[in-house]
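Structure first, then comments.
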Amino acid sequence: MTLAQRTTEIAPSPTLAMAKKAKEMQAAGIDVINLGVGEPDFTTPNYIVDGAKSAMDAGQTSFYTPTAGLPALRQAIAADTFKRTGQEITAEQVVVTAGAKLALYALMQVLVDPNDIVVTPAPYWVSYSEQVKLAGGRLAAIVPAAPDLKITPAELSAFDGKIKVFILNSPNNPTGAVYSRAELSALLDWADANDVYVILDEIYGQLVYNDAEFTSGLALRQLSDSKLIIIDGVSKAYAMTGWRIGWALADATIINAMSNLLDHMTSNPSAVAQYAALTALTTDSDALGEMRVAFEERLNATFAGLQKVPHLTLTHKPQGAFYLFPKVDDAALAAHGVTSTDELALKILTEAHVALPAGEGFGMPGYLRLGYAKDQATLDEALRRLTVFFED
Ligand code: PMP
Ligand code: GLU
């Protein structure tokens, strides 16, 4: 078979691959703890599901919607954005997609020409690299010098004049780092001075913990005539990963280009999922706050527990998202007869029955990612198994 070259250049998503392996082992009757994929363990709150059911019963979900999304949903996203950031945006500055992942994919197709350079700090979310490649661009990942792995404008200056797009994900998957207002402001100033498109992936923006504060790019800049694009969605904060609703916020020129492209890809995202998202954004509920508090408690307990697992080091406490990204020491690799954390993660899965993606897929070998969106008993048992594995 001669498939297109791009199929051989693209790696499958390592987070989804690890979760798939874990599910296969579970189906074979093995008691695997799946910390592989980053998604809330909560089911979608009932009021959101009821909103979807009512829309179906009323016959509202039978037909195509506009590709960029239901006008009411685009309006609700604009209103919710204003509530959260204080920035007035219009429905024309919103495109709704089948998950935030598709918003990012369409955006790369719209912004990146062959050989354009896209820069992001490492570690980065696994799909950025492959999406940039699919657009023909080149991802330059910079490992920040600071121990919290946050990038500074000085570290970007080596690329001055060469960068087309800068991607920043705060709160970060996989480190959990949250950029302060001052840090974000300095990066946006650098981008303005260098005329660079900035994609701010704010999908975890409502999931910050303890004394951390989230600053959206929209608290600092407006969208009209700007090169700033915000990515967000309902997947994480509303426990709606399966519904596949995300969005991009940008100047209407960028939004129209994305919508033209999506006309030939998905058309609209599923209508019933859009009605669910509309209910999510237009109903006041305690559910979001309760889930956030649960994640905060799990972070605090699991971060403390992780300090006692031999051979894993995590000095900076994450402030957002739901991941811990500890470093593995070389002695642990040697003791288990492996040379990479990719191989180690497979051993952990088969021997300790805990599924954790390795740092390689995030552009940062030598680390493991532990998703803590699970109940505390499960997390404690995962830590116990890891301790036994690393003590051996
Ligand atoms: N960005 C980041 C940083 C993520 O972790 C995810 C999780 N899949 C996404 C985007 C995509 O989210 P969605 O599930 O809405 O496609
Ligand atoms: N964003 C999640 C993760 O990092 C979901 C999996 C994926 O889409 O890659 O685990």
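The values are calculated or read from the model by the stated rules, or taken from the named source; none is laboratory data. Since the structure is predicted, the reported quantities are computational estimates derived from the model, not experimental observations. As a convention, Cβ positions derive from the backbone with ideal geometry for all residues, glycine included, and neighbour counts pool all protein chains shown. The protein model used for the area step is the full one, side chains on, heavy atoms only, and it has no ligands, DNA or RNA in it. Shrake-Rupley method; radii C 1.70, N 1.55, O 1.52, S 1.80 Å.
Return the residues of the range 330-362 that are open to solvent by less than 60 Å² (accessible area, probe 1.4 Å) and not aliphatic (A, V, I, L, M); say none if nothing qualifies.
The answer is His336, Ser340, Thr341, His353, Pro357, Gly359, Glu360, Gly361, Phe362.
Look at the range 158-176 and say how many of its residues are open to solvent by 50 Å² or more (accessible area, probe 1.4 Å) and either modelled with pLDDT of 95 or more or within 11 Å of ligand 1 (Cβ to nearest atom) (or both).
Summing the residues that are open to solvent by 50 Å² or more (accessible area, probe 1.4 Å) and either modelled with pLDDT of 95 or more or within 11 Å of ligand 1 (Cβ to nearest atom) (or both) in the range 158-176 gives 1.
Considering each residue of the range 53-73, count those that are closer than 26 Å to Ile230 by Cα and in contact (Cβ under 8 Å) with a residue 40 or more places away in the chain, and give that number.
9
Among the residues of the range 159-171, is there at least one that is within 16 Å of ligand 2 (Cβ to nearest atom) and touching a residue at least 60 places away in the same chain (Cβ under 8 Å)?
yes
Only one residue in Ile199, Ile167, Ile203, Ile229 is over 13 Å from the mean Cα position of the chain (by Cα) and not in a helix (DSSP H, G or I). Which one?
Selected residue: Ile229, the only one of Ile199, Ile167, Ile203, Ile229 that is over 13 Å from the mean Cα position of the chain (by Cα) and not in a helix (DSSP H, G or I).
Are any residues in the range 300-315 open to solvent by 10 Å² or more (accessible area, probe 1.4 Å) and modelled with pLDDT of 95 or more, and if so, which ones?
Asn300, Ala301, Phe303, Ala304, Gly305, Gln307, Lys308, Pro310, His311, Leu312, Thr313, Leu314
Residue by residue, here is whether (1) within 16 Å of ligand 2 (Cβ to nearest atom); (2) in contact with a Ser or Thr (Cβ under 8 Å, 6 or more places away or on another chain); (3) open to solvent by less than 30 Å² (accessible area, probe 1.4 Å) holds:
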| site | (1), (2), (3) |
| --- | --- |
| Gly51 | no, yes, yes |
| Ala55 | no, yes, yes |
| Gln60 | no, no, no |
| Thr67 | no, yes, yes |
| Ala76 | no, yes, yes |
| Glu88 | no, no, no |
| Ala106 | yes, yes, yes |
| Val112 | no, no, yes |
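Of the conditions (1) within 20 Å of the chain's Cα centre (by Cα); (2) open to solvent by 10 Å² or more (accessible area, probe 1.4 Å), Asn194 fails just one. Which one is it?
(1)
Residues checked against (1) within 30 Å of Leu223 (Cα to Cα); (2) away from ligand 1 (no atom under 16 Å from the Cβ); (3) touching a Lys or Arg at 6+ places or on another chain (Cβ under 6 Å):
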site: Thr8; (1), (2), (3): no, yes, no
site: Ser13; (1), (2), (3): no, no, no
site: Ala52; (1), (2), (3): no, yes, no
site: Thr65; (1), (2), (3): yes, yes, no
site: Phe82; (1), (2), (3): yes, yes, no
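Yes or no: Ser127 surrounded by fewer than 22 Cβ atoms within 10 Å (Cβ to Cβ), modelled with pLDDT of 95 or more and touching a helix residue (DSSP H, G or I) at 6+ places or on another chain (Cβ under 8 Å)?
yes
Looking at Lys308, Lys317 in this structure, which one is assigned to a loop (DSSP other than H, G, I, E, B) and either free of Cβ contacts under 8 Å to residues at least 40 places away in the same chain or touching a helix residue (DSSP H, G or I) at 6+ places or on another chain (Cβ under 6 Å) (or both)?
Step by step, each of Lys308, Lys317 is checked, and only Lys317 is assigned to a loop (DSSP other than H, G, I, E, B) and either free of Cβ contacts under 8 Å to residues at least 40 places away in the same chain or touching a helix residue (DSSP H, G or I) at 6+ places or on another chain (Cβ under 6 Å) (or both).
Tally time: how many residues in the range 212-246 are more than 16 Å from ligand 2 (Cβ to nearest atom) and surrounded by 19 or more Cβ atoms within 10 Å (Cβ to Cβ)?
The qualifying residues number 11.
Enumerate the helices (runs of 4 or more DSSP H) found wholly within the range 1-75, keeping only those where 2 or more residues are modelled with pLDDT under 95 and among the aliphatic types (A, V, I, L, M).
Filter on the range 1-75 gives 14-27.
Applying the selection to the range 258-271, what residues are in a helix (DSSP H, G or I) and open to solvent by 40 Å² or more (accessible area, probe 1.4 Å)?
Result: Asn260, Leu261.
Can you tell me which residues in the range 234-256 are among the small types (Gly, Ala, Ser), outside any loop (DSSP other than H, G, I, E, B) and either in contact with a Leu (Cβ under 9 Å, 6 or more places away or on another chain) or on the phi > 0 side of the Ramachandran plot (or both)?
Matches in the range 234-256: Gly246, Ala248, Ala252.
Can you list residue pairs whose Cβ atoms sit under 7 Å apart, with the first residue in the range 357-374 being in contact (Cβ under 8 Å) with a residue 40 or more places away in the chain and on the phi > 0 side of the Ramachandran plot and the second being within 13 Å of ligand 2 (Cβ to nearest atom) and open to solvent by less than 10 Å² (accessible area, probe 1.4 Å)? Count only pairs 6 or more apart in sequence or on different chains.
Gly363/Pro123
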